[in-house]
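Colleague: Dumping the structure here so I can ask a few things about it.
The values are calculated or read from the model by the stated rules, or taken from the named source; none is laboratory data. This one's a predicted model, so the numbers in the text were calculated from it and none came from an experiment. In this analysis, Cβ positions are derived from the backbone assuming ideal geometry, glycine residues included, and neighbour counts consider all displayed protein chains. Note: accessible area is taken over every heavy atom of the protein model, side chains too, but ligands, DNA and RNA are not part of it. Shrake-Rupley method; radii C 1.70, N 1.55, O 1.52, S 1.80 Å.
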Amino acid sequence: MKVTVVGSGVMGHGIAELAAISGNEVWINDVSQEILQQAMEKIKWSLSKLKSSGSLREDVEQVMSRIHPEVSQPEALKDSNFVIEAVKEDLELKRTIFRNAETYASPTAVLATNTSSLPVTEIGAVLRSKERVVGMHFFNPPVLMPLVEVVKGKDSSDEVVKATVDMAKSMGKETIVVKDVPGFFVNRILLRIMEAGCYLVERGKASFQEVDSSAIEELGFPMGVFLLADYTGLDIGYSVWKAVTARGFKAFPCTSTEKLVSQGMLGVKSGAGYYQYPSPGKFARPNLPKATKKLGRYLISPAVNEVSYLIREGVIGKEEAEKGCILGLGLPKGILSYADEIGLDVIEKTLEEMKEDTGMDHFAPDPLLVSMVREGKLGRKSGGGFHAYKSEEMNFSTIVVKIEPPLGWIILNRPSRYNAINGEMIREIDNALEKLEEKDEVRVIVVTGQGRVFSAGADVTEFGSLTPVRAMMASRKFHEVFMKIQFLTKPVIAAINGLALGGGLELALSADFRIASKSAEIGQPEISLGLIPGGGGTQRLSRLSRRGLELILTGRRVKADEAQNLGIIDVVTEPEEVEAEVRRLGNAIAEKSPLAVASAKLSYRIGEETNIWAGASLESSLFGLLFSTKDFEEGVRAFLERRKPNFRGE
């Protein structure tokens, strides 16, 4: 097939390279031989890199022989079967190219535009054969980015859309098909995330560094919002912003970006933007402060609202929307998955807050989102939201055990007794741990309390029947179960949603991570009963905090913030965000190799309890052992193929 690529810039020469690799004869056109020669050199360099990495089977020269640089546009277009324009975002220039294509290319040729912001329908409006015009939006760099956004204009035929999808797939790309709306899908979502970042900064809720830290640490974004804007070029982002807002896309104005662009501070390319860089064109990650503010719900909510609108309007399907977020934006999960984890009710509340704060109606929750909340479809916590979640419960008398892969939940369920731990509960926790450890689909275990209390401690009503020997035996049983948690092959998170006192705190201390509500309080009050902690409090507190002895000897309670400062609590968050924070951490761990996670936890825990020589020896043994696993092979293969690994625990 003859493929013609008009424009040999970063996008154009990358698209030409892909088309040639997939076996097509490719004509690449630009205004001068010098520009084309530079493009050919860049293509050859890229092919050499692919060959050395093992990604290219053919010889470099064999692929290069299929690429023909041509200054004459009519000659490049002559009898072409597939035309892709990749010139600057100039409506009239693109129309001129397609008028020429209509004259010189095959009468059945697909006329594809790589525009990222101009409506496909507007580009094709001046042609006689409007049905042949389609959007074929590659992402930068085209050779490496896995997604192509195929845009169906108002006049695009189904046959042309299918041919474009087939062409993209022949190039080894994944595709999503969207209707022709300003910004299409991926850029609209990116603009909503950028809009949210600008809102937070310009309303004085956070600095741009705090926004970026939260995006990376809390949401797992590969780059912060403003750092990404710098990286891609503030002028490019601003031009897309102007193009789509001029066509009806309503957004919170990002005056900081406009100001930087007007000053020639365009990001990495100019050496400065939101951040300073070593020199123009040289990127270096800035040192960001540790995230202290939970801004994730703000950053995600406008994007969720946008996806809701696009689904409701039939612009894109739910699954394709998720694919677009992951493959087009490089996010670890789709926007709708983020929404389900945060909670659709929290998203709705956040949007209402942003609307009230700004007076801008486009922040109003979309009718689809509102209807889902009213129907009780709140996300993972309700068993379903935008996605349905597999859930299984096991029957116990004092606890509830839920399996929601990849998480398994142990919920202390004696709310009328403040979830006090009695003999029956400790036996049932022991049993539940064994069952959850055996289930491959459970990668992380969460322990929490029913209602507004984690656990007020051991059930004091059982103390009266205990002799000194039986008290020691009861203490030993607590130790056995809590040691099992500490050395379990799966990570355990304690979600502290209220009081965690005495044995309740000792249960939490045995977990690998402790995430607490701001309203939570912890303490070891046993000293007030003439006792000492009997479930490991004297041992684990001493390993976590230099002030642990003070808490034990005074029996005082401390708020979550102070407990975090003392090193006892890992994360403190708003009460309504505890579950979302737990799921964020749990899902992040669950994506990794279960064998590597189990080995890392074992090595870490044993290392805490022994000398460095023994700990390092164990680490080396486990490190070597993991080289024999299929997960290791998958991890290396995924790294080389620039994709997310699929670990199976094998």
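The rows are residues; the columns are (1) under 26 Å from residue 43 (Cβ atoms); (2) assigned to a loop (DSSP other than H, G, I, E, B); (3) open to solvent by less than 10 Å² (accessible area, probe 1.4 Å); (4) hydroxyl-bearing (Ser, Thr, Tyr).
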| position | (1), (2), (3), (4) |
| --- | --- |
| 136 | yes, no, yes, no |
| 143 | yes, yes, no, no |
| 159 | no, no, no, no |
| 165 | yes, no, no, no |
| 178 | no, no, yes, no |
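Colleague: Answer yes if at least one residue in the range 550-568 is closer than 17 Å to residue 486 by Cα, touching a helix residue (DSSP H, G or I) at 6+ places or on another chain (Cβ under 8 Å) and of a type outside the set (Gly, Ala, Ser), and no otherwise.
Modeller: yes
Colleague: Continuing with the same structure: In this structure, does residue 285 turn out to be open to solvent by 30 Å² or more (accessible area, probe 1.4 Å) and at pLDDT 95 or above?
Modeller: Working: open to solvent by 30 Å² or more (accessible area, probe 1.4 Å): yes; at pLDDT 95 or above: no.
The answer is no for residue 285.
Colleague: Within the range 73-93, is there a residue that is of a type in the set (Val, Ile, Thr), assigned by the TED database to the domain that holds residue 118, free of Cβ contacts under 8 Å to residues at least 60 places away in the same chain and not in a strand (DSSP E or B)?
Modeller: no
Colleague: May I pose another question? So which residues in the range 45-61 are open to solvent by less than 90 Å² (accessible area, probe 1.4 Å) and either assigned to a helix (DSSP H, G or I) or on the phi > 0 side of the Ramachandran plot (or both)?
Modeller: Those that are open to solvent by less than 90 Å² (accessible area, probe 1.4 Å) and either assigned to a helix (DSSP H, G or I) or on the phi > 0 side of the Ramachandran plot (or both): 46, 47, 48, 50, 51, 53, 54, 60.
Colleague: Does residue 199 satisfy the condition of being open to solvent by less than 10 Å² (accessible area, probe 1.4 Å), of a type in the set (Phe, Trp, Tyr), within 22 Å of the chain's Cα centre (by Cα) and in the same structural domain as residue 268 (by the TED database)?
Modeller: Against the criterion (open to solvent by less than 10 Å² (accessible area, probe 1.4 Å), of a type in the set (Phe, Trp, Tyr), within 22 Å of the chain's Cα centre (by Cα) and in the same structural domain as residue 268 (by the TED database)), residue 199 qualifies.
Colleague: Go through (1) closer than 30 Å to residue 583 by Cβ; (2) touching a residue at least 40 places away in the same chain (Cβ under 8 Å); (3) crowded, with 18+ Cβ neighbours inside 10 Å and name the single condition residue 290 misses.
Modeller: (3)
Colleague: Here are 589, 552: which of them is aliphatic (A, V, I, L, M) and either under 30 Å from residue 527 (Cα atoms) or in contact with a Gly (Cβ under 9 Å, 6 or more places away or on another chain) (or both)?
Modeller: Result of the check over 589, 552: 552.
Colleague: Does residue 34 satisfy the condition of being open to solvent by 50 Å² or more (accessible area, probe 1.4 Å) and closer than 22 Å to residue 111 by Cβ?
Modeller: Considered against the rule, which asks whether it is open to solvent by 50 Å² or more (accessible area, probe 1.4 Å) and closer than 22 Å to residue 111 by Cβ, residue 34 comes out as no.
Colleague: Shifting gears a bit: With part of a loop (DSSP other than H, G, I, E, B) and among the β-branched types (Val, Ile, Thr) as the only criterion, which of 493, 527, 522, 532 stands out?
Modeller: Answer to the check: 532.
Colleague: For the range 600-616, how many residues meet the condition of being open to solvent by 80 Å² or more (accessible area, probe 1.4 Å) and among the hydrophobic types (A, V, I, L, M, F, W, C)?
Modeller: Residues flagged as open to solvent by 80 Å² or more (accessible area, probe 1.4 Å) and among the hydrophobic types (A, V, I, L, M, F, W, C) within the range 600-616 amount to 2.
Colleague: Sticking with this one: Take the residues in the range 586-599 that are within 13 Å of the chain's Cα centre (by Cα) and surrounded by fewer than 19 Cβ atoms within 10 Å (Cβ to Cβ), then tell me which one is farthest from residue 347 (Cα to Cα).
Modeller: Checking each candidate, the answer is 591.
Colleague: Do any residues in the range 38-61 that are more than 18 Å from residue 7 (Cα to Cα) have Cβ atoms under 8 Å from those of residues that are hydroxyl-bearing (Ser, Thr, Tyr) and surrounded by 11 or more Cβ atoms within 10 Å (Cβ to Cβ), where the two are at least six apart or on different chains, and which pairs are they?
Modeller: Going by the 8 Å Cβ cut-off, the qualifying pairs are 60/48.
Colleague: What are the residues in the range 219-273 that are assigned to a loop (DSSP other than H, G, I, E, B), within 27 Å of residue 307 (Cβ to Cβ) and aliphatic (A, V, I, L, M), if any?
Modeller: First, the residues of the range 219-273 that are assigned to a loop (DSSP other than H, G, I, E, B): 219-224, 233, 246-254, 263-266, 271, 273.
Narrowing the set further to residues that are within 27 Å of residue 307 (Cβ to Cβ) leaves 219-224, 233, 246-254.
Result: 219, 223, 246, 251.
Colleague: May I ask you to verify whether residue 116 is in a loop (DSSP other than H, G, I, E, B) and either in contact with a His (Cβ under 7 Å, 6 or more places away or on another chain) or modelled with pLDDT of 95 or more (or both)?
Modeller: When the stated conditions are applied, residue 116 passes them.
Colleague: Given the structure, is residue 377 free of Cβ contacts under 8 Å to residues at least 60 places away in the same chain, in contact with an Asp or Glu (Cβ under 8 Å, 6 or more places away or on another chain) and open to solvent by 20 Å² or more (accessible area, probe 1.4 Å)?
Modeller: Numbers: free of Cβ contacts under 8 Å to residues at least 60 places away in the same chain: yes; in contact with an Asp or Glu (Cβ under 8 Å, 6 or more places away or on another chain): no; open to solvent by 20 Å² or more (accessible area, probe 1.4 Å): yes.
No.
Colleague: Please specify each residue of the range 5-44 satisfying the condition of being hydrophobic (A, V, I, L, M, F, W, C), assigned to a helix (DSSP H, G or I) and closer than 18 Å to residue 85 by Cα.
Modeller: 10, 11, 15, 16, 18, 19, 20, 35, 36, 39, 40, 43
Colleague: Looking at the range 81-91 only, could you name the residues that are under 38 Å from the mean Cα position of the chain (by Cα) and either surrounded by fewer than 19 Cβ atoms within 10 Å (Cβ to Cβ) or of a type outside the set (A, V, I, L, M) (or both)? Lay out the reasoning, then the answer.
Modeller: Keep residues of the range 81-91 that are under 38 Å from the mean Cα position of the chain (by Cα), which gives 82-91.
Once the filter is applied, which keeps residues that are under 38 Å from the mean Cα position of the chain (by Cα) and either surrounded by fewer than 19 Cβ atoms within 10 Å (Cβ to Cβ) or of a type outside the set (A, V, I, L, M) (or both), the range 81-91 yields 82, 85, 88, 89, 90, 91.
Colleague: Can you tell me which condition residue 267 does not meet? The list is (1) closer than 23 Å to residue 327 by Cα; (2) crowded, with 21+ Cβ neighbours inside 10 Å; (3) modelled with pLDDT of 90 or more, and all the others hold.
Modeller: (1)
Colleague: On to the next question. Return the pairs, sorted by first residue and then second, in which the second residue is open to solvent by less than 30 Å² (accessible area, probe 1.4 Å) and not in a helix (DSSP H, G or I), the first residue lies in the range 347-358 and is closer than 16 Å to residue 294 by Cα, the beta carbons are less than 6 Å apart, and the residues are 6+ apart or on different chains.
Modeller: 351/365
Colleague: Please tell me if residue 334 is in contact with a Lys or Arg (Cβ under 9 Å, 6 or more places away or on another chain), assigned by the TED database to the domain that holds residue 222 and either open to solvent by 10 Å² or more (accessible area, probe 1.4 Å) or within 23 Å of residue 574 (Cβ to Cβ) (or both).
Modeller: Against the criterion (in contact with a Lys or Arg (Cβ under 9 Å, 6 or more places away or on another chain), assigned by the TED database to the domain that holds residue 222 and either open to solvent by 10 Å² or more (accessible area, probe 1.4 Å) or within 23 Å of residue 574 (Cβ to Cβ) (or both)), residue 334 does not qualify.
Colleague: Filter the range 107-120 down to the residues that are without any contact (Cβ under 8 Å) to a residue 60 or more places away in the chain and either among the basic types (Lys, Arg) or open to solvent by 20 Å² or more (accessible area, probe 1.4 Å) (or both) and list them by number.
Modeller: Step one: filter the range 107-120 for residues without any contact (Cβ under 8 Å) to a residue 60 or more places away in the chain, giving 107-113, 115.
Selection gives 107, 108.
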